Amino acid sequence: MQSVSFYEPVMDRLVNVNSSLTEMAERKHPFLAQLLDHTFSTPGKYIRPAITLLASNFYAHDERITEKMATGVELLHIASLIHDDTVDGAALRRGKLTISSLWGPKAAVLAGDYIFAASATLVCDTGNIRVIRRFAETIMELSSGELQEMAETYNPEQSMESYLERIYNKTASLFTTAAESGAILSGAPDACSEALRSYGHNLGMAFQVVDDILDFDGTEEETGKPIGSDLANGVVTLPTLIAMKQKNCCDAVTRALKHPEDSELMQEAVSIIQDDTVLEESYEFAGRYCVKALSDLKGLPPSPSRDSLEELVSHVKVRRS
Ligand code: FPP
Ligand code: MG
């Protein structure tokens, strides 16, 4: 777990979440234990469970319930990454070999299913039907976003609307649920839950837009994957859409998407997208979601948790990995 200041108000509770995740690997038969041990040996950044706990911190409540929810949120995220790596045939995740590359896609799909179902049992334990329903909808949105990405691969004629819908489904949906569920389970009034729901949505959109920018603006060390790999895999994202809008860029990018095997053409397209004006416009786009996320927090009671949620917005804007 990282010692970044925005985790501070919920650090103790994140330790409980971490223990629950680790405990999952125990008591199972050896093969499953091996798969789970491998999965939990490289923890993520815990941004989503931290959001659930911070969003729950405005009203006194039974904290065991929101810790269960936060654990469920992180488990769903982990399950979706295992499935994503299997679909993508990815070799590495968090710098380690993926389950599918070590044990094959069949074991990876089943391990993802197991973790995904485990997340659902924790969410059921909250006993809150509104949250359970929202969680189920999120799984539909995640899968729908992934299928949308698959259907649109190598298609240069994508609209901004379609891109935004896709990144909502793929990423912002779980951020939205992470924030809204924390608020609902703490017994927050509707206006507060709605503000935190909107915060999660805007933060999640900014998070994915920045992720898509880093694919062109980051380094291989920072992102853990080759620069321009989204484009090389046919995934059209915001910087590509912005570059295509600009004069003379459309042709090179379209040709690269038609001939992804031509590395020279691909490099030309990546260089066009790496243009300062394209990246600037992309960062401004992400910045607008950050502004909206900050404004969502304005009506909430001032507290260290509200400060942390604000800091998280700044972190998402400047993050490099
Ligand atoms: C990573 O995106 C992937 C996701 C955010 C979601 C993937 C969702 C699914 C595979 C559906 C899961 C369904 C169930 C039932 C658990 P990315 O490929 O942009 O990021 P990356 O570069 O980290 O791989
Ligand atoms: Mg992926």
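Annotation note: of LEU185, LEU214, LEU196, the sole residue that is surrounded by fewer than 24 Cβ atoms within 10 Å (Cβ to Cβ) and in contact with a helix residue (DSSP H, G or I) (Cβ under 6 Å, 6 or more places away or on another chain) is LEU214. Quick one: what pairs do we get from the stretch 257-282, first residue part of a helix (DSSP H, G or I), second of a type in the set (Phe, Trp, Tyr), C-beta under 6 Å, 6+ apart or different chains? What qualifies is LEU257/TYR154; ILE273/PHE216.
Tell me, yes or no, whether the stretch 238-246 has at least one residue that is buried (at least 17 other Cβ atoms within 10 Å of the Cβ), under 19 Å from the mean Cα position of the chain (by Cα) and assigned to a helix (DSSP H, G or I). Scanning the stretch 238-246 turns up at least one residue that is buried (at least 17 other Cβ atoms within 10 Å of the Cβ), under 19 Å from the mean Cα position of the chain (by Cα) and assigned to a helix (DSSP H, G or I). Do we find a residue being in contact with a Gly (Cβ under 6 Å, 6 or more places away or on another chain), buried (at least 21 other Cβ atoms within 10 Å of the Cβ) and either among the polar types (S, T, N, Q) or within 22 Å of GLU23 (Cβ to Cβ) (or both) anywhere in the stretch 56-64? Among the residues of the stretch 56-64, at least one is in contact with a Gly (Cβ under 6 Å, 6 or more places away or on another chain), buried (at least 21 other Cβ atoms within 10 Å of the Cβ) and either among the polar types (S, T, N, Q) or within 22 Å of GLU23 (Cβ to Cβ) (or both), which makes the answer yes.
Within the stretch 68-86, the residues that satisfy the criterion of being among the small types (Gly, Ala, Ser) and away from ligand 2 (no atom under 16 Å from the Cβ) are ALA70, GLY72. Of all the numbered requirements in (1) within 12 Å of ligand 1 (Cβ to nearest atom); (2) buried (at least 16 other Cβ atoms within 10 Å of the Cβ); (3) over 18 Å from ARG48 (Cα atoms), LEU92 misses one, and that requirement is (2). Taking every residue in the stretch 71-91 that is free of Cβ contacts under 8 Å to residues at least 60 places away in the same chain and pairing it with any residue that is within 11 Å of ligand 2 (Cβ to nearest atom) and among the basic types (Lys, Arg), at least 6 positions away or on another chain, the pairs with Cβ-Cβ distances below 8 Å are LEU81/ARG93; ASP85/ARG93.
Just so you know, all these numbers are worked out from the coordinates, no wet-lab data involved. Not measured: the values here are computed from a predicted model. We place every Cβ from the backbone using ideal geometry, glycine too, and count neighbours over all the protein chains shown.
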